[in-house]
Amino acid sequence: MRSESPETAEARLRDALAQCETRVNDCRAEFGSFEISLNGTLQNAGYLSPIAAIAVRRMAAGRWESITQEFRRLTAEVEKFIDGAVPVLSLISVGLAWNREVLPTVSGLAGTAKNFEANALPAWSGPAYEAYREKREAQGEAIAATGTIIQDIGLWLTDLADKNIAFLLSLIDPLIDLVKAIAEAAMEIATYIGLLEAIDTLAAAIANAAEAILDMEIKALQHAAGSLHEINEATAILNDNSYFPAGRWPQAVNRKLAH
Amino acid sequence: MPDSDEIALVRDALEVEARKWDEMTATMGAAGRKAHGLTLEPSSFWASPVPGVSGQLSSVYQDVHKLIINLMSDAAIEFSEIAGALRTAAYRYDGTDQNQARDLVEIYGRYNTHP
């Protein structure tokens, strides 16, 4: 598991979100510019050759509608990830709380349990004292084991947040590629002859970006599934009978049975 | 056999030790209450809206969270019981090893004289 501080993880998550938003906006801006160029070329084509312009316009219209839908679907998908990542911030804050607010208190108790508070206590002897020594030791071990679980759960949450961040960051490259591809396709629109080719180039770029993003999502989901294994390993201590007999806190005293 | 001063010394030491467990009860109780509030919604776990992933991660967290809360709660109860056991030990302490079996039962409870 990683040991990155939650503050750093939070800053990285916010940065990844901002980068994704920026790239989606870049894509929209570039797509809008493409559409303006497309309409401009179609307009100009009309002055030069109205018949050819009508033919190209008809061919372009059907393809353009389909491309627009694909583009909107793609950007909506990325925005869903961005919106979905906002609650992940609480994953980081809760991880922070486990490690900063709960862990130090519990860890401190392990030492307190094992130490004698009064110097005179070793003067106490006999079987009751021997029993207490053993019970005190078992309590100290159980507290330390609880501290380990708390530390692991806090780190697991931070690690999971990091996997979310890595996923968001993995979306950026396909979006940058898409912005470039739209800009390159727009250069082909200068003439109405190149216009249909430009639309096809754009369609291919959107399809490539969608495929790359789907691929990233699948990989990210595999990593998420892997983290389930990590937490199961980390919490194996809960099933360790030497710390928690039958999965419960070691019982030192049974008052109800005593009376 | 220890004299009355030595017996008093041990009894005082047992009371000091008992107070330590009282304080640990309070500390563990406070930490447990803090931990109790560390809940997370399923949507917090994963950015991707693929059904099942967030739910699975959330379910694992909830299980571990519940276990930790239960352990901390049981620990606080146990610490308090230990404080009580030490006070019983102080009350019964007379500096001898007589009535060993009965002492152990009185202090730690029947069937529970091991850690």
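For B:H36, the accessible area of its heavy atoms, probed at 1.4 Å with every protein chain present, is near 110 square angstrom. Computed with a 1.4 Å probe on the full set of protein chains, the accessible area for B:E78 sits at about 10 Å².
Take A:W64: with every protein chain present and a 1.4 Å probe, its accessible area is about 30 Å².
Roughly speaking, what % of Cα-Cα pairs in the stretch A:1-153 are separated by over 21 Å, rounded to a whole number?
Working: 8100 of 11628 pairs.
Roughly 70 percent, rounded to a whole number.
Across peptide A:158-168, the mean count of Cβ atoms from other chains lying within 10 Å of each residue's own Cβ comes to 2.
Taking amide H as placed 1.01 Å from N in the peptide plane, the amide H of A:Y243 sits under 5 Å from none that are at least 5 places away or on another chain. Taking the centroid of alpha carbons for each part, the stretch A:6-34 and the stretch A:60-128 are 23 Å apart.
Residues of A:71-83, mean number of Cβ from any other protein chain within 10 Å of their own Cβ, rounded to a whole number?
Partner-chain Cβ atoms within 10 Å, mean over residues of A:71-83: 1.
Sequentially through the stretch A:236-247, phi angles give Karplus couplings (6.51, -1.76, 1.60; θ = phi - 60°) of 4, 4, 5, 9, 7, 5, 5, 9, 10, x, 6, x Hz, Gly and Pro residues having no value and appearing as x.
Spin-label pair B:R19-B:S59: with each label point 7 Å from Cα along the Cα-Cβ axis, the two points sit 5.0 nm from one another. For A:S90, B:S44, A:S242, A:S125, the ranking by accessible surface with the largest value first comes to A:S242, A:S125, A:S90, B:S44, using a 1.4 Å probe. For the chain pair B and A, the interface hides roughly 5700 square angstrom of accessible area in total, found with a 1.4 Å probe.
The values are calculated or read from the model by the stated rules, or taken from the named source; none is laboratory data. None of these values were measured; they are calculated from a predicted model. All Cβ positions, even for glycine, are placed from backbone atoms using ideal geometry, and neighbour counts span all protein chains on display. To get the accessible areas, we keep the full protein, side chains included, count just its heavy atoms, and leave off ligands, DNA and RNA. Shrake-Rupley method; radii C 1.70, N 1.55, O 1.52, S 1.80 Å.
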